[in-house]
Structures are given as C-alpha cells and as structure tokens.
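Heads up: the structure comes next, in structure tokens.
The values are calculated or read from the model by the stated rules, or taken from the named source; none is laboratory data. Since we're looking at a predicted model, the values are computed, not measured. With ideal geometry, Cβ positions are generated from the backbone for all residues, glycine too; neighbour counts draw on all protein chains shown. For accessibility, only protein heavy atoms count, side chains too; no ligands or nucleic acids. Shrake-Rupley method; radii C 1.70, N 1.55, O 1.52, S 1.80 Å.
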Amino acid sequence: MTKELHADILIVGGGLGGVAAALGALRAGRSVIMTEEYDWIGGQLTSQAVPPDEHSWVEQFGITRSYRKLRSGIRQYYRDHYPLTEASRAWDDLNPGAGYVSRLCAEPRVGLAVLESMLAPSIGGGKLTILKPYLPISAEVIGDEVKSVTLRHRDSDRVITCSAPYFVDATELGDLLPLTGTEYASGFEAQSDTGEPSAPAEAQPDNVQAVSVCFAMDHVDGNHVIDKPDNYDYWRTYEPHFWGGPMLGFTAPHPRTLEQTTRTFTPNVDDNPLLVDADQRRNAGDGNLWTFRRIAARRNFVPGAYNSDICLVNWPMIDYLDGNIIDKSEDEKARMLKEAADLSYSVFYWLQTEAPRTDGGYGFPGLRLRGDITGTEHGLAMAPYIRESRRILPVTRIVEQDVSMLVHGNNLSKNYRDSVGIGMYRIDLHPSTGGDNYVDVESAPFEIPLGSLLPRRVKNLLAGGKNMGTTHITNGCYRLHPVEWNVGEVAGMLAAHCLNNGLTPHQVQADDGKLQDFQAQLYREGIEIRWPDVRGY
C-alpha cells in the first residue's frame with residue numbers, strides 16, 4: 001500500500017539547493033518535505049565530495065547570509081571538535097585543508113554535520129520531514145499544475161506519494177522535469193537559438209559536461225596497492241583527440257589556454273597551510289595536484305593527529321567522456337556510472353603503480369583510498385559529481401552574452417529587473433561527451449533573474465539548482481556551490497511567499513510592485529541581489 005504525505009512544499013533533492021530551499025521555506029513558517037536519493041544530504045559538498053568552488057570576495061560579500069552561516073559553521077565545527085594547532089585555531093578564515101581551489105576545503109562529513117544541525121530544529125518541531133534514500137518515479141499533473149510526486153525507496157519496494165501546493169526540483173539531473181512534462185533542454189543549444197559566441201551551429205542535446213566520481217586519499221607508510229581495476233587496460237591507453245597524450249598522466253590541456261600543461265604531484269609537501277593563497281584570480285592552484293583540492297592539511301592539526309594530508313581527487317583525468325547519463329534507461333545510466341567509477345579506480349591504481357616520481361621511479365604505493373572520509377565501503381565518493389542537469393525552458397533564459405567579459409568588458413554582467421541573487425565564477429566547461437575540449441570564458445560578476453527559476457508553462461514547479469534556466473554554456477558559471485544555494489533558497493522563499501500572500505510565482509515575477517515586495521523580503525533575510533563595484537576575471 002502506498003503511503004501518502006502532504007506538506008506546503010515538496011522539495012525533491014537534498015543537495016545544497018534542496019537544503020537551502022528547505023531553510024528558506026521553513027523560515028517563512030511553512031511545512032516542508034525534502035527527499036534525497038543518497039544517504040547524505042548536501043550534494044556536491046558532501047556525497048559528491050567536492051570542495052566549494054567560490055569567488056574571490058566570498059569572505060566579504062557576494063553570498064547569502066545562510067550560506068555564510070554554513071561556512072562559519074564548518075569552521076566552528078573544526079574549532080570545537082578537531083585538535084587544531086593554536087595558530088590554525090586563531091585563523092579567522094580557517095581553511096582546514098589549505099587547498100588552493102577554495103578558501104574552505106574541508107572533509108565532507110563536517111559539511112554534512114553542519115547542514116544537519118541547521119535543519120535539526122525544524123525536524124524536532126515537526127515542520128520538516130526528510131525522506132531518504134528516496135527517488136521520484138512518477139508525478140500526477142493536471143493541466144499546468146503538479147499535484148503530487150510518487151517516490152520509491154532506493155533499496156526496497158516502499159513507495160510514498162507526496163502532495164503539496166508547490167514543488168521544488170532540486171535533484172542533480174532535473175528529474176522532475178520529464179516526470180511532470182515540464183519543457184526542458186539538455187546539452188548544447190544552437191547558436192541560431194541563443195546567439196552565443198561559443199555555441200555550435202546546431203543543437204547537440206546529448207553533448208554534456210562529463211560526470212566525475214571523486215575520491216579522497218592519503219599517503220602513509222606501507223603498500224596499499226589495490227587490485228587491478230576493471231577495464232584498467234582500456235583506461236590506461238584512453239586518449240581523447242584533444243588531450244595530447246594518455247588521459248592517465250600529469251599532462252593535460254590547460255582549461256584557459258588549451259596548451260599542454262604538466263602538473264606536479266608531491267604527496268605531503270611540507271608547506272605552511274596558513275600561507276596558502278586560495279584566490280583563483282592570482283593562481284588557479286592546480287600546479288601541484290596534491291594541494292589543489294586538499295581537504296585536510298596535517299600541519300593545521302597538532303603533531304600526530306594526522307599522519308598524512310588528505311587529498312580530494314577531482315582532476316581532469318577522472319572526467320568520464322564516454323556517455324551522457326541524462327534521459328537514458330536505468331540500465332544504461334548504471335552501466336555508464338560503473339564505467340566512470342572504473343575510471344576513477346584506474347586513476348588511483350595508476351597513481352599507485354605507474355605515475356612518474358621526481359626521483360625517477362614510478363608509483364606511489366603508500367597512497368590509500370579514504371572511503372571512511374567519503375562515507376563508503378567501496379572507497380569512492382558516495383555520489384557522482386554532476387556538473388550539468390536538464391534545464392527548464394524558463395521565463396528568462398541566461399545566455400553567454402549576459403555574463404561574458406568579452407561582451408561587457410571589465411564590468412558587471414547584465415542587470416536584471418528581477419534579480420534575486422548574485423554569483424561569480426568563470427564560464428568553466430569541462431570536456432564533454434561530444435568530444436569537445438574545455439570551454440573557459442572570463443565572466444563578469446552576475447545576477448540571478450527570478451525568471452530563470454520559473455518554467456514558462458508549469459505554474460507551481462520551481463527550479464532549485466542546476467536545472468535553472470541557463471544554457472549549456474552559462475551553466476558553466478551558475479553551477480557552483482554558492483549559486484546553487486542561492487537559487488534553492490530563493491525557490492523555497494518564493495513558494496512560501498506565494499502561499500502566504502495568495503500569489504503565483506509568475507505573478508511575482510511579472511508585476512513590478514509584487515516583485516519589489518519580494519526583493520525587499522530577500523534583502524531583509526540576507527540575500528544580496530546587486531553587486532558592488534567589482535571586476536571579473
């Protein structure tokens with residue numbers, strides 16, 4: 001028998017956008033059901049194990065108040081529970097991993113703990129129900145309105161149907177869009193459609209950014225070489241036509257110049273974490289792959305607490321280019337994700353056995369998978385890192401010309417009358433399933449138009465993450481952690497605002513007075529909708 005639940009707002013997907021949507025709706029007094037298909041909430045920050053990609057001003061401005069609370073909570077968790085050195089404990093902008101990719105590189109489980117603590121009072125108060133691990137399997141739709149979504153337990157035949165006046169799709173792949181018949185795009189749009197300088201002449205819906213299965217590792221005494229992975233011989237000789245050599249190697253195209261660049265790899269380089277400058281304006285940080293996405297720098301902790309740094313591998317060589325998992329059968333999707341995992345195991349095995357060392361030898365047998373850090377027995381991240389989702393066909397579509405510095409020069413991006421947030425990141429498109437090299441374009445600090453969260457037709461479904469109304473190209477700068485959080489938070493607040501005031505999302509977006517009232521609410525709750533006078537990079 002199918003269990004039935006009801007709430008004011010159903011949020012499908014418990015990643016960063018989903019959690020932020022729940023917090024935004026709960027602050028407005030509304031009841032929420034949030035679902036998640038993995039054992040951990042938090043998406044790219046936790047189950048996908050990706051340190052937050054953030055802009056250069058993140059410590060001063062340019063993020064929402066609640067996202068700042070998350071970042072502060074992670075730092076405080078370390079101060080409360082970890083054996084930090086006195087210097088690191090006193091470091092205001094503590095970077096536990098001292099990785100160069102972000103000013104806040106941390107272990108995924110810490111982010112999980114802080115996210116759960118932010119939601120705990122609402123669970124205790126009976127306003128929030130979290131269903132995990134559950135996946136959406138069908139939806140009831142009447143006309144242009146979603147009535148309910150049915151979910152199945154990941155590991156059993158249990159089924160729950162959830163109804164609500166409003167629905168937020170915060171899944172990693174926009175899973176509610178096909179289930180509800182909401183119009184969407186995927187892959188590359190045609191230049192004739194978008195006018196984007198970097199778009200191809202014809203649409204390529206099956207050409208999307210690669211997924212990656214990340215993993216954490218350290219380097220300790222002993223031999224920790226794993227069994228030779230499935231398909232290792234295939235991946236060992238795999239060579240994309242634009243790569244310039246085998247993908248399993250330290251030489252790869254530079255994302256910005258496409259020139260062949262050789263990175264170094266030095267486990268446990270004895271650096272001072274307090275001197276790491278994680279500002280991508282000055283240094284992309286990927287010269288030494290060990291420190292690039294390091295999530296635990298042993299010198300931040302008292303001697304003996306950590307025998308090794310912990311390095312998070314989200315490097316170009318683990319990008320899976322052999323297929324697109326969007327709109328494929330479950331069997332096809334599972335096969336491709338298995339192959340992506342095989343690639344990651346193969347990269348790790350290559351590092352252990354064949355990677356060139358500076359002393360002229362080969363292999364680092366002391367490398368050890370840290371599945372305990374990522375919450376798995378198999379040793380890799382709990383979930384694949386999804387860079388690109390299905391995308392709604394929105395009221396307002398964000399195109400390359402809106403954000404590119406080639407168009408705007410060294411200024412802010414397009415000003416939207418309906419801005420509901422801000423963000424900043426380069427248009428950073430990884431190699432794609434269609435055989436394309438990096439697309440990397442300088443971006444101007446940008447705004448998030450409310451119309452990009454609204455499907456053109458469906459009235460009560462809101463985008464809550466990477467399924468917002470970008471294009472394939474602008475997804476490259478709107479897909480990062482703080483922007484996904486901002487999008488989700490606004491989606492949850494908008495649904496609650498509409499319920500509290502008898503409005504629809506499209507009415508709020510279209511009417512200047514109603515829009516300004518909502519924007520004023522966003523401002524009161526710490527969501528910045530305009531940039532100060534800053535410059536892109």
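What to note about this one:
- Counting DSSP beta bridges with both ends in the chain, the antiparallel % (nearest 5): 70
- Between Val347, Tyr362, Ala381, the Cα set farthest toward the positive side of the dipole of region 325-381 (charges on each charged residue's Cβ, about the Cα centre) is that of Tyr362.
- Taking Cα atoms only, the orientation of helix 16-27 departs from the longest principal axis of the chain by about 40 degrees.
- The stretch between Arg417 and Glu259, if pulled fully straight at 0.36 nm per residue, gains 52.9 nm over its current Cα-Cα span.
- Calculated mean residue ellipticity at 222 nm for the chain: -8000 deg cm²/dmol, from DSSP H runs with n ≥ 4 weighted as -39500 (n - 2.57), summed, divided by the residue count and rounded to 500.
- Karplus 3J(HN,Hα) series, Hz, for region 440-454 with 6.51 cos²θ - 1.76 cosθ + 1.60 (x for Gly, Pro): 9, 10, 4, 10, 8, x, 10, 10, 10, x, 4, x, 6, 9, 10
- Stretching Glu332 away from Arg68 to a fully extended chain increases their span by 91.1 nm, per 0.36 nm per residue minus the current alpha-carbon distance.
- Between the alpha-carbon centres of region 182-237 and region 1-52 there is a gap of 26 Å.
- Cα-based Kirkwood hydrodynamic radius, region 166-243, one decimal, Å: 17.6
- Gyration tensor (alpha-carbon) shape descriptor, region 126-262, a/c threshold 1.5: oblate
- Shape call, region 70-148: gyration tensor on alpha carbons, a/c limit 1.5: prolate
- Stretchable slack from Asp206 to Leu503, in nm (0.36 nm times residue separation minus alpha-carbon distance): 103.2 nm
- Whole-number percent relative contact order across region 264-379, with pairs defined as alpha carbons under 8 Å at least 6 apart: 14
- Per residue, the chain exposes 36 Å² of solvent-accessible protein surface, assessed with a 1.4 angstrom probe and all protein chains in place.
- Under the combined filter of DSSP loop state and at most 14 neighbouring Cβ atoms within 10 Å, region 34-135 retains these GluC sites (Glu not before Pro): Glu59.
- Only Cα pairs under 8 Å and 6+ residues apart enter the sum, and on that basis the relative contact order of the chain stands at 22 percent.
- Relative pair counts by distance (%), Cα atoms of the chain, 10 Å bins: 4, 19, 30, 28, 15, 4, 0, 0
- In region 360-463, Rg over Rh equals 1.13, where Rg is the alpha-carbon radius of gyration and Rh the Kirkwood radius from pairwise Cα distances.
- Taking region 487-501 and a reference point 7 angstrom along Cα→Cβ of Lys459, no backbone N atom is nearer than 11 Å.
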